[in-house]
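Note sheet for the following structure.
The values are calculated or read from the model by the stated rules, or taken from the named source; none is laboratory data. None of these values were measured; they are calculated from a predicted model. A quick note on method: Cβ atoms are made from the backbone with ideal geometry, for glycine too, and the neighbour counts reach across all protein chains shown.
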Amino acid sequence: MRKVTKLALLINVTIFMVDRLIKHRATQGLVPFSQNNKLFFLNVSQNLTVIISLTIITVLLVFLTKKLKGKDLLLIACGSIILGGISNLYDRITLGFVIDYLPLFSFSQFNLSDALISFGCFLIAIRIIKDNKKTKTEKHCEILKKR
């Protein structure tokens with residue numbers, strides 16, 4: 001694993017720990033927060049939320065351990081999603097809701113775990129776009145070679 005990847009994963013873990021600290025302070029009344037009972041802006045039952053979250057985290061962990069050797073960008077992305085998911089899942093299991101403390105526009109709030117998850121999804125999107133461009137270029141080269 002390269003130094004840049006180690007640094008990125010360390011930053012992810014640091015953000016996770018800061019998020020947990022802020023959420024802990026929020027439960028003590030030291031930080032204003034809102035209770036988020038939704039999953040992806042949807043109202044679903046608590047049990048379904050936990051099942052979906054555990055499934056996503058498990059799938060990512062399996063993928064991470066089997067497929068990501070030497071794929072630093074995806075390793076960082078999956079690490080971000082897993083850490084963010086674990087923090088929010090911990091809230092859901094222990095509190096029955098997720099603590100959101102950062103304002104997002106005038107209608108919503110989020111937390112650092114949400115930012116980690118979004119960052120990981122963004123990195124995966126970049127990888128998909130990059131791979132699609134590479135695949136299209138390879139196909140064009142094959143077509144040109146056949147002529």
- Message: Restricting to the stretch 91-109, count the residues that are in contact with a helix residue (DSSP H, G or I) (Cβ under 9 Å, 6 or more places away or on another chain) and either modelled with pLDDT of 90 or more or loosely packed, with under 15 Cβ neighbours inside 10 Å (or both).
- Response: 10
- Exactly one of (1) modelled with pLDDT under 80; (2) closer than 14 Å to residue 98 by Cα is unmet by residue 59. Its number? (2)
- Restricting attention to the stretch 23-56, the residues that are at pLDDT 90 or above and within 18 Å of the chain's Cα centre (by Cα) number exactly 1
